[in-house]
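See structure below.
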Amino acid sequence: RSTLFPYTTLFRSPYRCCFSARHGDWMRLGDALARDGVYQGEQVIPAGWVREMRTPAAGNPRYGFHLWLGDETYVADDVIVLEGGGGTRLWIVPSLELVILVSAGPNDSHLPNLIVRGLRDFVPKRVEREATDPALYVPRH
C-alpha cells in the first residue's frame, strides 16, 4: 500500500488480472496517467513509463501495457481505457487532462465522446435559471 493508493489491491484470477480499488484510487491513477506519471506535483510513475504503456502491442494495436488504447470510435486521438471488475471503466484523455470513471454501465465510447465534444465545441451562453432543456447546454448531441 502507498499514499497514492491506500486502499488498492492487485489480484490475479484465472480469467484476468484486475485493479480492484475505491473510486478515489481509480481517479488518482487516472490523474497520474493523464499527466505522464505526475500526481500532485510529484513524479509517482517513472518519467516516460506512461508513454511506454501507450505503445501498441505487436499482437493487438489497440492494447498497450495493461490498458486499452482508443480507436476510431473515440473523438479524441489520445484516449486510454482501463477496465476493472464489475463494469468499472476509466477513460483518460491526456490532451484535455480529463479523467472519467464509470463503475457500471455500457462499455462504449458514447459517454467520453459526449464529454469531449462538450469540452471542445461548446462555450456556454448565458442561460436563464429556469432553462431545463439539456440541449441548451450540450448542442448537437
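The values are calculated or read from the model by the stated rules, or taken from the named source; none is laboratory data. These numbers were taken from a predicted model, which means no experiment stands behind them. FYI the Cβ positions are ideal-geometry reconstructions off the backbone, even for glycines, and counts take in every protein chain you see. The area values use the complete protein model at the heavy-atom level, side chains included, leaving out ligands, DNA and RNA. Shrake-Rupley method; radii C 1.70, N 1.55, O 1.52, S 1.80 Å.
Selection of first residues in region 72-91 that are in a loop (DSSP other than H, G, I, E, B) and of second residues that are surrounded by fewer than 19 Cβ atoms within 10 Å (Cβ to Cβ) and modelled with pLDDT under 85, restricted to Cβ pairs under 7 Å at least 6 apart or on distinct chains, gives the following pairs, ordered by first then second residue: Tyr74/Asn113; Val75/Asn113; Val75/Arg117; Gly84/Cys18; Gly84/Ser20; Thr88/Ser103. Taking the conditions exactly as written (β-branched (Val, Ile, Thr), in contact (Cβ under 8 Å) with a residue 24 or more places away in the chain, open to solvent by less than 60 Å² (accessible area, probe 1.4 Å) and part of a loop (DSSP other than H, G, I, E, B)), does Val116 satisfy them or not? The answer is no for Val116. In region 24-60, the residue that is nearest to the chain's Cα centre (by Cα) out of those that are within 16 Å of Leu96 (Cα to Cα) and small (Gly, Ala, Ser) is Gly30. Just so you know, in region 33-43 the residues that are free of Cβ contacts under 8 Å to residues at least 60 places away in the same chain and surrounded by 17 or more Cβ atoms within 10 Å (Cβ to Cβ) include one that is nearest to Phe65 (Cα to Cα), and it is Gly37.
Give me the residue from region 46-93 that is closer than 14 Å to Gly30 by Cβ and of a type in the set (Phe, Trp, Tyr) and, out of that set, most open to solvent (accessible area, probe 1.4 Å). Top of the filtered list is Trp68.
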